[in-house]
Structure formats: C-alpha cells, structure tokens
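Asker: Before I ask anything, let me first share the structure, which is written out below as structure tokens.
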Amino acid sequence: MGVLTAGFALLSVKLNLSESLFEWTHAHEWLQLDELPQVLLVLAGLLAWFALRRMLELRTELARRKLAEGQLASALTENRRLGRQAVDVQESERRILAREMHDELGQYLVAIRLDATAIRDDSGSTAARTSEIAATIVSHIDHVQAVVRDIIGRLRPAGLDELGLAAALENCIENWRRRLPELDIHFLVQGDLGELGEDVSLALYRLTQESMVNVSRHAAARRMQILLVDERDASGDRKIHFSAEDDGRGAASIASNRGFGLAGMRERVESLGGEFVVSSQPGAGFRLGATICCPSSPTDAGSESNAH
C-alpha cells in the first residue's frame, strides 16, 4: 500500500498532475470540479471510518464466537462426564439390585421351595409339623415381600401415583427420620402440589431424596429443613420453589464433595427449564434451591374463569 502511494506521488510530480488538472478544470469552472478533491477526501474518510467500524465489529464477533465455542466445548465435556458417570451409577445400581435379588430373593425362594417340597413329600408328618413348616413359608414370603417392596420403592417412589407428591414426600421423609434419629428433620409444604405432571413431581421427589442422601453422607448436621412452596404469579403460571438447608459443616469446594449428585440434580432441574442454585461455606451449613415453572394449561385457565 505504501509503495503504491509513493509511486503515485512520483508519477504526479513527473506529469505535473495538479497543474494539468487545474488547466483542464479551469475551462469548466461552472462544474465546480475543483471541489472534487475535498469531496473525495470526505468520502475516503467515511470509507475509512466504516472499514474501522467493521473491523471492530468483526473482532467483537470473533471474540464472541471463540467464547461460545469455549462454552460449547466445556458443555460437551461436562455432558460426556455426566454420561460416563450416569452409566457408572446405573451399572452400580444394577449390581446392587442383582446382589440383593440373589442374596435375599434367591435364598428365600429356595427355602420356600424346600419347605413346600417337604410338605408335599412327607405324607406321614403330623399336623403340628405341617403347621410349623407352613408358618416358616409364611415368614419367608413376608421377607420376600419386604425386599421386593424396598426394591420397587427405589426404582419408583412409593405412593407417588396413588397418593400424590405430598404424601410420597412425607413417606420418604419419615423413612429418613427412622434411619437418622439424631437428625431433626423439618419438612414444610405451602400449597397443594397437585397436578404438577409426571416430570415435575418426580424431579421434586428426587431432589428431596438426593438432599437427604447428601446430608446423611457429608453434612454431620443436627438439623435439616426442606421447604416446598407452590405459588402462582400474575399471569397464572405456577412456580414451585424447593429449598433444602442444613446446619452441618458445609464445604469449601462443593463440586469435589458432592459432584455427581449435585450435577444430576442440576441437570434434572434445568431440563425442565428451571433454575438450580447451591451455596455453602465451611462451618456454615449447606443450602440448595430450585425453582421450576409450570405454565398454566388452558384447562386450568378455564376452571379459574368458571370459578370467578
């Protein structure tokens, strides 16, 4: 660019370009051609300003794209990590279920079969002996039912379909009270929590469940409070606010202590379009909160207008 400019300047000097241009435009003064350099100068300035602005916009756009690419790469890495951990958790749960079914169900079913075979084949046994074996079979069946009930409860929350979310959560909290008698658990519900939908109800149940697992494993807390608030905003949409707070030892690095459990909860809440927040300080307890929006359906709007 500089070489071209210098070459043009030398050519202009050699050809006396300014004098020649003046002589040619003097005869056509009415065209105001002598004003053309100023116009071209202004036009060149505007073009330079436009080029500069486009260059700055391009730099900003490139920086924005690099940031977006970095965030996308981070999200992909996090998704891969969560996917691997989800598979690990799934396989671990399957191993636990298989072991329980083998150790508990398998052994007791074999015992029931042996007792039933003894009743069938021992035709000379007394009524007292038959009654004793039958009582043993009943005891084994009760144990098998309890094991099956526990397995089903882990796969699907007990009472969620039949009794609703609030009753299922009460049952879950009551089970944890029996497991952790030293922990003072307060469970509060504001609103009816009715007709939330399968995904939202299951998400709130899992949030409660995972919060109790975290406090039992990490917190060393004396008090735990879980609060669920069902409210409607001005547009009629429902917002479910969930919070779980303990007075335990807290954590300086949340991800290192409760990484996958929190990541799973965050993923579940955000998949429903909700917000998930966690706060903790060493010695100041641990708190997690979630807000899930449930847009009002036309049926709800119609029922409300009929009520008015």
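The values are calculated or read from the model by the stated rules, or taken from the named source; none is laboratory data. Since this is a predicted model, take the numbers as computed values, not measurements. Note that we place each Cβ from the backbone using ideal geometry, even for glycine, and neighbour counts take in every protein chain shown.
Asker: Are there any pairs with C-beta distances below 7 angstrom linking a residue in segment 211-237 that is farther than 16 Å from Met265 by Cα and surrounded by 14 or more Cβ atoms within 10 Å (Cβ to Cβ) to a residue that is modelled with pLDDT of 85 or more and hydroxyl-bearing (Ser, Thr, Tyr), with the two at least 6 apart or on different chains, and if so which?
Answerer: Final answer for the pair search is Leu227/Ser243.
Asker: For residues in segment 189-210 being of a type in the set (Asp, Glu) and assigned to a helix (DSSP H, G or I), which is surrounded by the fewest Cβ atoms within 10 Å (Cβ to Cβ)?
Answerer: Glu198
Asker: Now a separate question. Could you check segment 146-188 and list, in sequence order, the residues that are surrounded by 15 or more Cβ atoms within 10 Å (Cβ to Cβ), among the hydrophobic types (A, V, I, L, M, F, W, C) and closer than 20 Å to Val215 by Cα?
Answerer: The answer is Ala168, Leu169, Cys172, Ile173, Trp176, Leu180, Leu183, Ile185, Phe187.
Asker: Still on this structure, I have one more. What pairs come up if the first residue lies in segment 263-289 and is over 17 Å from Leu196 (Cα atoms) and in contact (Cβ under 8 Å) with a residue 12 or more places away in the chain, the second is assigned to a strand (DSSP E or B) and among the charged types (D, E, K, R), and their beta carbons are under 7 Å apart, counting only those six or more places apart or on different chains?
Answerer: Ser280/Arg287; Gly285/Glu245; Gly285/Asp246; Phe286/Asp246; Arg287/Glu245
Asker: So, Phe242, is that one at pLDDT below 80 and either part of a loop (DSSP other than H, G, I, E, B) or aromatic (Phe, Trp, Tyr) (or both) or not?
Answerer: Answer is no for this residue.
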